[in-house]
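Report on one structure; see the data block that follows.
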Amino acid sequence: MSSPDAGTQGPSRLPPTSEDGAAPRLLEVEDAPPGTFGELEPTAPPLTDAQGRIRLSFSRIDTYRTCPRKFRFRYVDRLPTQPSPHLSFGTSIHGALEAFHDRKLPDPPSEDELLGFLYDAWDTRGFADLPREEQVAHYRHAQQVLRRYHARQRPPGRTTAATEAWFEVPFAYEAVVVGSIDRVDVDADGDLHVVDYKTNRRARPRSEVAASLQLALYALACRHLYGALPRTVSLDFVVPGLEVTVGLEELDLEAARATVLATAAAIRAERFETVPNRLCDWCDHRAVCPAWEGEADDTFGAAVTTAEQLRRRLRREVRELRELEAGIARLATERGLDT
Ligand code: SF4
């Protein structure tokens, strides 16, 4: 394997100064040939499937609706994104709750077992650059959230039918929406109930939950998977400990379908306009975004910092891979196996 920095260093990677002497853009992302970003290229699923349909998910649609340019950076140019404490916190909580609800026993796992699932599912990536005390504080917070979750009563008569239910729902020949539903419950009448966990600090009002595109898509996915629409859909805000539930009749499934088709058509037409918004400060691609070019004094610094963080992450993962390979080789030798 070549050095993690191979292909990302050296003056030849910087665009030449333009003929009018204007300063070059830091990275000519749009003109960059495949492989420019070397080993840092991510492995995101492709934008279209084998049938030529635009491959969407709720998160892809949400990104496009927030800022089409961000969508392009992420899913067309496939620029890498960074792990963050918030994302890793959410991944860890989801992993623990999946294991909790996956247990097919008459009695649910104990609180200690749920905390054990958290230990197993803890995603360290987003916390790696934080001081140890902050990492511990995040972990303690996750434990507290799950203790509260464990103490809550579930609606009587319900059992878990599926966790992380993977779906791929076609929308005509234009798009396919993929994703996984956190949990599907079934009640004593055989009706289905969809639940999605959220790790926002505050719960959203009921009107927003009823207007959730994500829940409408999950309802359609439920019909695709099980042949029946759910009776209710919920967002379970696990941090404040509040599940907000709405009935199927409150969802606008036709609007969700229209949004999917309109988003797919816009992507196919390569409409990727730049829409600055209140989330720009947290956007992974701000350092290369034309909306901020020349406006932010720290553009160069942000890009250098991002590159260094990516290199550190890559080195750490290469080190872990080598340790694992060495361990596997040692075990194989002890057991007289070929590797
Ligand atoms: S920085 Fe803002 S405007 Fe630029 S791509 Fe990101 S979200 Fe869009």
If we ask which residues in the range 194-237 are in a loop (DSSP other than H, G, I, E, B), in contact with a Leu (Cβ under 8 Å, 6 or more places away or on another chain) and not hydroxyl-bearing (Ser, Thr, Tyr), their number turns out to be 6
In the set 202, 147, 183, the lone residue that is among the basic types (Lys, Arg), in the same structural domain as residue 254 (by TED's automatic domain parsing) and surrounded by fewer than 19 Cβ atoms within 10 Å (Cβ to Cβ) is 202
Is it true that some residue in the range 157-168 is at positive phi and in contact (Cβ under 8 Å) with a residue 60 or more places away in the chain?
yes
Filter the range 278-293 down to residues that are among the charged types (D, E, K, R) and in contact with a Lys or Arg (Cβ under 9 Å, 6 or more places away or on another chain) and give me whichever is modelled with the lowest pLDDT.
293
What is the one condition in (1) surrounded by fewer than 17 Cβ atoms within 10 Å (Cβ to Cβ); (2) hydrophobic (A, V, I, L, M, F, W, C); (3) part of a helix (DSSP H, G or I) that residue 130 does not satisfy?
(3)
Can residue 232 be described as away from the ligand (no atom under 16 Å from the Cβ), in contact with a Gly (Cβ under 6 Å, 6 or more places away or on another chain) and of a type outside the set (A, V, I, L, M, F, W, C)?
yes
Qualifying residues in the range 251-285 (those that are under 28 Å from residue 54 (Cα atoms) and of a type in the set (Asp, Glu)) - the one nearest to the ligand (Cβ to nearest atom):
284
With the structure loaded, tell me whether residue 203 is among the small types (Gly, Ala, Ser), in contact (Cβ under 8 Å) with a residue 12 or more places away in the chain and in contact with a helix residue (DSSP H, G or I) (Cβ under 8 Å, 6 or more places away or on another chain) or whether it fails that test.
no
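Matching residues to (1) closer than 30 Å to residue 150 by Cβ; (2) at pLDDT below 90; (3) buried (at least 18 other Cβ atoms within 10 Å of the Cβ):
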residue	(1), (2), (3)
235	yes, no, yes
255	no, no, no
263	no, no, yes
267	no, no, yes
270	no, no, no
276	no, no, no
295	no, yes, no
List every residue pair whose Cβ atoms sit under 8 Å apart, with the two residues 6 or more apart in sequence or on different chains, where the first one lies in the range 311-339 and is loosely packed, with under 10 Cβ neighbours inside 10 Å and the second, anywhere, is part of a helix (DSSP H, G or I).
338/332; 339/328; 339/329; 339/332
Taking the criterion of being away from the ligand (no atom under 16 Å from the Cβ), modelled with pLDDT of 85 or more, over 17 Å from the mean Cα position of the chain (by Cα) and surrounded by fewer than 19 Cβ atoms within 10 Å (Cβ to Cβ), would at least one residue in the range 95-104 satisfy it?
yes
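The values are calculated or read from the model by the stated rules, or taken from the named source; none is laboratory data. As the structure is a prediction and not an experimental result, all values here were calculated from the model. Glycine gets a Cβ as well: all are built from the backbone with ideal geometry, and neighbour counts include every protein chain shown.
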